[in-house]
Amino acid sequence: EELLYFRIAGFAAKQDLNYQTVVATTAKLNAINAYQVDNLGRFFDYLDVPFRREGPTMQLSGPIQPRARDIEVPGDPSSAAFFVVAALLVPGSRATVRRVALNPTRLGFVRVLQRMGARLTVRVTGNAAGEEVGELTAVGSPLTATEVGAQEIPSLVDEVPILAVAASQAEGTTRFRG
């Protein structure tokens, strides 16, 4: 058994896997959190790769022969967050980011911004490699402070810096815990 560790959420983690190792051997993938297991599990489902989920661990038994498929890699929600926040902070502005991965485990920042009063909509427009994809549309909005709990951090850890920028322009004091 070979252990493969990945620390990058989303499709980037999938690219880090050594394909030959997964095909030829049994592997145990240890994720940082359940969000990564969900994200990678959707991709394995898309490729018809059998696996077992055990909390933050995925167990694969080789040899594995993934189904050959065209793979479209949607836009990264973490990158989209910067454009979303920029639009929210400018009165009268509107921005739509298209073909963004909309896995709910990657959209913690959207929930926080909506809680802050952001006029931010999510629209599913299709599917790519087992993931919902779509549009994030942000309209300039006054924001109010919120508290971001420790349990939310795994779903928005990459967006904390841009959320801090949004919080700096919000009415009141926003707190990040955990």
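The values are calculated or read from the model by the stated rules, or taken from the named source; none is laboratory data. These figures come from a predicted structure and were not determined experimentally. Positions of Cβ are generated from backbone atoms using ideal geometry, with glycine treated the same way; all protein chains shown enter the neighbour counts. Each accessible area value is taken on the protein alone, full model and side chains, heavy atoms only, with ligands, DNA and RNA left out. Shrake-Rupley method; radii C 1.70, N 1.55, O 1.52, S 1.80 Å.
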If a residue counts only when it is over 22 Å from PHE176 (Cα atoms), which helices (runs of 4 or more DSSP H) contained entirely in the stretch 28-139 have at least 3 such residues? 34-46
Under 9 Å between Cβ atoms, at least 6 apart or on separate chains: pull out the pairs that start in the stretch 141-158 with a residue that is open to solvent by 80 Å² or more (accessible area, probe 1.4 Å) and end on any residue that is among the basic types (Lys, Arg) and part of a strand (DSSP E or B). GLU147/ARG175
Among the candidates THR121, THR96, THR125, which residue alone is under 23 Å from PRO154 (Cα atoms) and either modelled with pLDDT of 80 or more or in contact with a helix residue (DSSP H, G or I) (Cβ under 9 Å, 6 or more places away or on another chain) (or both)? THR121
Residue count, the stretch 61-91 (criterion: modelled with pLDDT under 80 and either closer than 16 Å to LEU156 by Cα or not polar (S, T, N, Q) (or both)): 5
Just give me the residues in the stretch 43-72 being in contact (Cβ under 8 Å) with a residue 40 or more places away in the chain, open to solvent by 70 Å² or more (accessible area, probe 1.4 Å) and within 20 Å of ASN103 (Cβ to Cβ), in sequence order. ASP45, ARG69, ILE71, GLU72
When the stretch 140-153 is examined, which residues are found to be more than 16 Å from ARG175 (Cα to Cα) and out of contact with any Ser or Thr (no Cβ under 7 Å at 6 or more places or on another chain)? SER141, PRO142
